[in-house]
Ligand code: PMP
């Protein structure tokens with residue numbers, strides 16, 4: 001039997017596995033039948049019973065061009081015929097160098113010129129934090145030690161990245177062990193802080209993901225950049241979710257003409273194929289690490305710049321160019337907006353927040369009254385949507401829709417229809 005053909009997946013899973021963000025009393029309950037995903041094609045995933053579902057959250061916000069894209073598949077296979085992994089500590093390889101050049105070329109000349117690879121969104125943020133601290137130590141400003149993040153922020157789950165997190169459910173209980181970061185709700189609050197000891201401000205630009213797809217006011221990011229410049233504070237952008245076209249531009253910060261001091265990229269970097277992340281920064285930051293061994297950045301992971309990941313990322317960037325992905329996405333974002341506006345008409349859809357090809361659909365009992373947390377309305381709506389051929393996950397009572405760029409118009413309409421039917425079924429008509 002080849003992997004994927006086993007009928008034992010569910011019993012083995014329930015016997016041995018521990019899933020992320022999962023209460024296993026519910027998962028392991030006899031009546032819970034986990035969905036076993038075995039294959040995918042384009043915007044569709046297939047389960048072990050052969051049913052197809054639209055991948056409504058792009059496999060947790062990662063996949064861009066669809067599953068089994070022939071160019072990414074071929075690029076990974078070609079690299080596999082050379083070598084799967086080699087160390088990046090003390091060695092280099094052609095694909096990492098090429099990918100670095102291509103990532104740098106996505107930015108205005110001589111802005112973000114250095115690329116540091118790691119494994120996932122959390123580590124991409126961690127790298128930026130350590131670089132920022134060490135930069136100030138090595139440029140005569142050891143007093144710049146404070147980090148400021150925003151209420152509702154989510155930057156990953158490792159201890160460092162989660163220190164910046166502003167969602168108590170995820171991060172609260174670990175606060176004793178996390179480094180002290182300050183949280184502000186707005187730019188006005190940021191302005192009230194003493195700035196001379198701040199190392200960096202960290203933000204998810206344009207839209208906070210895990211907070212429930214919360215949009216920042218237009219112009220806020222550009223203002224934040226101006227404030228950072230005026231006070232000599234470094235700006236770290238976490239584009240782990242928003243990067244690589246999600247907002248309609250290659251990077252969210254382009255909408256406001258902002259270039260950060262650091263950008264954290266992951267999820268879509270490989271087109272959603274493999275765990276690879278990149279932290280880009282400027283020559284100014286990089287130069288501060290030149291000198292004796294004590295100026296070295298002592299940070300790295302075993303799989304840094306994994307060649308298979310680099311091959312996937314290069315293929316993904318080639319698809320952007322060759323298939324004019326961003327140009328083709330623009331009309332689809334407009335269609336998405338029209339379909340979301342129709343969904344908004346339903347009585348229990350209280351708000352729809354859209355940023356490019358990202359949407360948060362908030363459900364409430366009435367305008368003034370949210371559902372009770374133990375009603376698990378978001379979860380129930382997603383389970384109902386599954387019966388109608390759509391896979392996605394809620395953030396509490398906000399349903400996330402984040403389709404792949406390759407989704408066809410009929411598939412996009414079907415996804416919205418499935419969600420609309422699910423909302424009717426679970427929330428009722430009045
Ligand atoms: N930053 C943001 C904005 C994210 O949305 C996420 C993950 N959802 C992360 C960081 C962490 O990424 P990862 O799960 O790859 O560590």
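Would you pick out the residues in segment 134-182 that are away from the ligand (no atom under 14 Å from the Cβ), out of contact with any strand residue (DSSP E or B) (no Cβ under 6 Å at 6 or more places or on another chain) and not in a loop (DSSP other than H, G, I, E, B)?
Of everything in segment 134-182, those that are away from the ligand (no atom under 14 Å from the Cβ), out of contact with any strand residue (DSSP E or B) (no Cβ under 6 Å at 6 or more places or on another chain) and not in a loop (DSSP other than H, G, I, E, B) turn out to be 134, 135, 137, 168, 169, 172, 173, 174, 175, 176, 177.
Taking the criterion of being assigned to a helix (DSSP H, G or I), modelled with pLDDT of 95 or more and either in the same structural domain as residue 58 (by TED's automatic domain parsing) or within 21 Å of residue 207 (Cα to Cα) (or both), would at least one residue in segment 352-374 satisfy it?
No, segment 352-374 has no match at all.
Condition first: crowded, with 18+ Cβ neighbours inside 10 Å and out of contact with any strand residue (DSSP E or B) (no Cβ under 7 Å at 6 or more places or on another chain). Now tell me which residues in segment 219-240 satisfy that.
221, the sole residue that qualifies.
Quick one: which of 46, 67 is farther than 28 Å from residue 299 by Cβ, surrounded by 19 or more Cβ atoms within 10 Å (Cβ to Cβ) and in contact with a strand residue (DSSP E or B) (Cβ under 6 Å, 6 or more places away or on another chain)?
None of the other options fit; the residue is 67.
Counting only residues that are in contact (Cβ under 8 Å) with a residue 60 or more places away in the chain and either away from the ligand (no atom under 16 Å from the Cβ) or part of a loop (DSSP other than H, G, I, E, B) (or both), how many does segment 190-231 have?
7
Among 280, 274, 297, which is the only one that is surrounded by fewer than 24 Cβ atoms within 10 Å (Cβ to Cβ), within 16 Å of the ligand (Cβ to nearest atom) and not in a helix (DSSP H, G or I)?
Among 280, 274, 297, only 274 is surrounded by fewer than 24 Cβ atoms within 10 Å (Cβ to Cβ), within 16 Å of the ligand (Cβ to nearest atom) and not in a helix (DSSP H, G or I).
Taking residue 243, is it part of a loop (DSSP other than H, G, I, E, B) and either buried (at least 24 other Cβ atoms within 10 Å of the Cβ) or not assigned by TED's automatic domain parsing to the domain that holds residue 137 (or both)?
For residue 243, the condition - part of a loop (DSSP other than H, G, I, E, B) and either buried (at least 24 other Cβ atoms within 10 Å of the Cβ) or not assigned by TED's automatic domain parsing to the domain that holds residue 137 (or both) - is met.
The values are calculated or read from the model by the stated rules, or taken from the named source; none is laboratory data. Quick caveat: nothing in here was measured; it's all calculated off a predicted structure. Every residue, glycine as well, gets a Cβ built from its backbone with ideal geometry; the counts of neighbours run over all protein chains shown.
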